[in-house]
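Enquirer: Can you read through this structure? Questions will come right after.
The values are calculated or read from the model by the stated rules, or taken from the named source; none is laboratory data. This one's a predicted model, so the numbers in the text were calculated from it and none came from an experiment. All Cβ positions, even for glycine, are placed from backbone atoms using ideal geometry, and neighbour counts span all protein chains on display.
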Amino acid sequence: MGTLALELNYVVSLVRTILGPDVVGAYLFGSAALGGLKPRSDLDVLVVSKRRTTKAEKQRLVDGLLSVSGRQRGDVRWRRIELTIVVKSEINPWRYPPPIDFIYGDWLREAFYRGSIEPSTREHPDLAPVITMVLLSDRPLVGPPPATLLAPVPHEDLLRAIVGDIDSLLRDLESDTDNVILTLARIWTTIATGAIRSKDAAADWALGQLPDQHRPVLVRARANYLRSDADPWDDLRVRVRPFADYVVTRIKDRYRHA
């Protein structure tokens, strides 16, 4: 069994051990389902449950995921895990903003260490692109095809979710430069074309739309995404914010006319 299969098996087994028969579906999405995992890609899984998890169950999930996500196991490094749990009756029929029950991601480690295991808010617009990707990918790990459990997301809700996240995304531009740049490219391509692409494919599309002065920033972020070792941003740092401002302006212009 390969490393990816081992890690997916661990995540699914952990969830099923804790939630038992209340797990009605688990689905792979993200890079693993849209164009293939890259060296620094996370492993993204959506779980659909019959009920909300209890605080004790959330703690067990956090403990189990903290022990393996992004950690070295022998000579193999396991990928970072992003696990999202939703309650079927809360997201089908669809409503906006959709509620989330539980989320695990390595960016939340400090909060988990402080004992904060509940989502900061149950309203979670980011579920709109997540559920859209899950339906598009159609990669069940447990249960039936996702269209059996999940309602399609109206296109206007998908667009307002991804555009509404831009301000919080930009706050991480200095600390998480590669990811923010590539996410902006993904938002732009979805707003402009209606397609959801992998980060590198979205960058390829966006590079064809950019003026020459902004292309080096996206070229650097795309190259870093495709490699295990990333080049520093020292030489291009002064160009990062102008790139982001340009792309955000293009996104908002497209959104106004969508």
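Enquirer: Pairs only if they're at least six apart or on different chains, beta carbon under 7 angstrom, first in region 115-127 and charged (D, E, K, R), second surrounded by 13 or more Cβ atoms within 10 Å (Cβ to Cβ) and assigned to a loop (DSSP other than H, G, I, E, B); list them, first residue then second.
Expert: Within 7 Å, the pairs are 122/100; 123/97; 126/165.
Enquirer: List pairs: first in region 232-254 and under 20 Å from residue 208 (Cα atoms), second modelled with pLDDT of 95 or more and among the aromatic types (Phe, Trp, Tyr), Cβ under 7 Å, 6+ apart or cross-chain?
Expert: 240/233; 247/188; 250/188; 251/188
Enquirer: While we're looking at this one, here's another question. Looking at 168, 198, 175 in this structure, which one is of a type in the set (Gly, Ala, Ser), surrounded by 19 or more Cβ atoms within 10 Å (Cβ to Cβ) and either in the same structural domain as residue 124 (by TED's automatic domain parsing) or modelled with pLDDT under 95 (or both)?
Expert: Working: 168 fails: surrounded by 19 or more Cβ atoms within 10 Å (Cβ to Cβ); 175 fails: surrounded by 19 or more Cβ atoms within 10 Å (Cβ to Cβ).
Matching residue, one of 168, 198, 175: 198.
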